[in-house]
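Right, one structure below, let's go through it.
The values are calculated or read from the model by the stated rules, or taken from the named source; none is laboratory data. None of the values given here were measured: they were computed from a predicted structure. Neighbour counts run over all protein chains shown; Cβ positions are idealised from the backbone, glycine included. These area figures cover heavy atoms from the full protein model, side chains too; ligands, DNA and RNA do not enter into them. Shrake-Rupley method; radii C 1.70, N 1.55, O 1.52, S 1.80 Å.
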Amino acid sequence: MSWNEIVIEVVRHQAEALSDALMAAGALSVSVEDADEGTDAEQPIFGEPGMEIEETAWERSRVVALTEIDADHAAMVNVAAIATGLEHIPAFSVRKVEEQDWVRLTQSQFDPIHIGKRIWVVPSWHDAPDPEGLILELDPGLAFGTGSHPTTRLCMEWLESHIAIDNTVLDYGCGSGILALVAKKLGAAHVVGVDIDPQALEAARYNSERNHCEIDYYLPDAFAQAYAAHQTFDIVVANILASPLKLMAPMLCARVAPGGSLVLSGVLERQTDEVIAAYAPSIQLQVYKEHDGWIALFGQRTA
């Protein structure tokens, strides 16, 4: 099956309204792109993780509407332009979208990822490059975390170098469960994952079953009920972002057992001092490693 795309260039303030109007006029989907992409005028509008985005389109935006192959494109654009209140019907072009094996195309973009000394994150459609390595079978999905992001890599490398067989581990903000899986496969005795997103927990449980790992996952309130405030862990790892990490400092520190370790990531280099300061009353943190502008911090609670 094939489709067509209607392509219209508009100024920033028209992009969102025109997109909505095209959907109402019968488009199957609509996306907005930078019309200057690939040129010196290209403008990034996305901020750092956790930042609120003020702009949702570019100064010169390209609105792309996917339609059925036999759609009346001129009529669709006319209806959308009138609904948007444009003074003139905008010029547009139509391009054909050929049918493709989208599953195979998507899969081709994800190869096994080698992390640390012997960890491999392997999509289900690939064979493990090193069968003797520590293999995590993990497909890209809705929950964040396949090992490709620097913050995830940094935490995985720390865990690989520091976990002992009898350790208990808390992965706070577990996402796909990848850090919890690494901890369990490295021999941790008991591993718990916590996340605020029920969908992330669903993905984490699924990943744990696929990797034959017994891990307990909770929403924050359920975790607080299951584990009293005095119950602690040998290792607490939290790969989130600087702002929530600072807010959670008292809670995370309280979950670290005396003599235990705290590992934090999701922190940009320029945020290092402020995160260290937030944890200083309980745990003295230091930089473990830096990668692509991101850093991982670790520290030990006084025995």
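Quick grid of which residues meet (1) at pLDDT 95 or above; (2) within 22 Å of the chain's Cα centre (by Cα); (3) buried (at least 17 other Cβ atoms within 10 Å of the Cβ); (4) part of a helix (DSSP H, G or I):
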{"residue": "P258", "(1), (2), (3), (4)": "yes, no, no, no"}
{"residue": "V263", "(1), (2), (3), (4)": "yes, yes, yes, no"}
{"residue": "G266", "(1), (2), (3), (4)": "no, yes, yes, no"}
{"residue": "A277", "(1), (2), (3), (4)": "yes, no, no, yes"}
{"residue": "P281", "(1), (2), (3), (4)": "yes, no, no, no"}
{"residue": "I295", "(1), (2), (3), (4)": "yes, yes, yes, no"}
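A quick yes/no check of all residues on (1) under 30 Å from P123 (Cα atoms); (2) touching a strand residue (DSSP E or B) at 6+ places or on another chain (Cβ under 6 Å); (3) in contact (Cβ under 8 Å) with a residue 12 or more places away in the chain:
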residue	(1), (2), (3)
K185	yes, yes, yes
V192	yes, yes, yes
P198	yes, no, yes
L201	yes, yes, yes
I215	yes, yes, yes
K246	no, no, yes
V256	no, yes, yes
S261	no, yes, yes
Note on segment 235-247: residues open to solvent by 40 Å² or more (accessible area, probe 1.4 Å) and either out of contact with any Asp or Glu (no Cβ under 8 Å at 6 or more places or on another chain) or of a type in the set (S, T, Y) (or both) are I240, L241, S243, P244, L247
